[in-house]
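Contents: one structure, followed by commentary.
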Ligand SMILES: [Zn+2]
């Protein structure tokens, strides 16, 4: 079995890994400039890949292929970004496949980053063994992916399953970066926390004034300490995540929903709360849908590289 090269193009960090047998065997990361674009990042990404291969005494011949996780809509058949939202806006014009072919002469795929995280968890993580799975990755934004009857969803424009962060939870709600109003993301992703906190008149003045310094880590820390403002904000976000998951359940009819992203360090708070809300709100004849935390964490999208090239590994 050959190694697979995985590149997870995040908004602030690019993660690169060599994957085999469901594990990231070697990895490196570099700071990303997603506003500066993808073309400008490629030389640094190339250097990082070369360094990683050299350290493992590997060459392109040892690789089954390269998979890139992209934070936007990806035309999977064209192996190229199709539509972006404020990250790597030049990507639809960048021929990453040609660049990879020139350097390493290996097959290349590009896929949506949240869909790749789903594929990682489905094949090697918290979603193993089910044919019907949804994953929700919560961070700066919110990404989703869905497997139905053993097949990952792609759709006519490659958006199927991927736009769960932009399902509407409040049609009179906050304007989202995507142009829509009241998206899950606009009401519960960390990018919007300053607005979520600043606009909530039920919070103390001091807490609202400090909105620029709050993130999910500080909020969950304060939640654990019993800070009533943090409890209000965190509970509000968890209610939005639960509402979103009820929507995903009604749309995709999964057996399990995996929650991933940085917030899942607080799985001990999130999972029981969301599970209870979902149990009481979702219409699921016969059985409840299990909500589980990601097992692969930051590695989920990287691990997915094998799904495309080493399918024999998939159990
Ligand atoms: Zn949106």
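Read the figures in this text as sums done on the coordinates, not as results from a lab. Every value quoted in this text rests on a predicted model; they were computed, and no experiment measured them. Backbone-built Cβ (ideal geometry, glycine too); neighbour counts: all protein chains shown.
Things worth noting here:
- A protection proxy built from the mean count of other Cβ atoms within 10 Å ranks the segments 78-90, 55-67, most packed first, as 78-90, 55-67.
- Annotation: peptides 293-305, 227-239, 112-124, 251-263, ranked by per-residue average of other Cβ atoms within 10 Å with the highest first, follow the order 112-124, 293-305, 251-263, 227-239.
- Estimated distance in nm for a label pair at residue 31 and residue 102, the labels positioned 7 Å out from Cα along Cα-to-Cβ: 2.7
- Projected onto their three principal axes, the Cα atoms of segment 1-86 cover extents of 36, 27, 19 Å, largest first.
- Long-range tail of P(r) for the chain (Cα pairs > 28 Å, %): 39
- Net length gained if the chain between residue 205 and residue 83 were fully extended (0.36 nm per residue, minus Cα distance): 40.0 nm
- Ranked for footprinting exposure by Cβ neighbours inside 10 Å, fewest first, 249, 168 give 168, 249.
- Relative to the longest principal axis of the Cα atoms of the chain, the long axis of helix 42-55 makes an angle of roughly 70 degrees.
- With neighbour counts taken as other beta-carbon atoms within 10 Å, the residues 241, 283, 158 rank, fewest first, as 283, 158, 241.
- By other beta-carbon atoms within 10 Å, ranking 289, 134 with the fewest at the front produces 289, 134.
- Taking a ≥ b ≥ c as the square roots of the eigenvalues of the Cα gyration tensor, segment 253-297 is classed as oblate, since a/c reaches at least 1.5 and a/b does not exceed b/c.
- Largest GNM mean-square fluctuation across 68, 167, 136, computed for the chain with C-alpha springs under 10 Å, falls on 167.
- Summary value for the chain: 20 percent relative contact order, contacts being C-alpha pairs under 8 angstrom separated by 6+ residues.
- The angle between the Cα long axis of helix 113-124 and the longest principal axis of the Cα atoms of the chain comes to about 80 degrees, rounded to the nearest 10.
- For segment 208-315, relative contact order (Cα pairs under 8 Å, six or more residues apart, normalised by length) works out to 25 percent.
- Segment 129-294, relative contact order [Cα under 8 Å, separation at least 6], %: 24
- Efficiency of FRET between residue 287 and residue 239 - r from beta-carbon atoms, R0 25 angstrom, step 0.05: 0.60
- With contributions of -39500 (n - 2.57) from each DSSP H run of at least four residues, the per-residue ellipticity at 222 nm computed over the chain stands at -10000 deg cm²/dmol.
- If the chain linking residue 95 and residue 280 were pulled fully straight, counting 0.36 nm for each residue of separation and taking away their Cα-Cα distance, it would gain 61.9 nm.
- Shape category assigned to segment 96-176 from the gyration tensor of Cα positions, a/c cut at 1.5: oblate
- Per-residue packing, averaged as other Cβ atoms within 10 Å, sorts the ranges 203-210, 11-18 into the order 11-18, 203-210, beginning with the highest.
- Pairwise Cα distances in segment 129-294 exceed 22 Å in 42 percent of cases.
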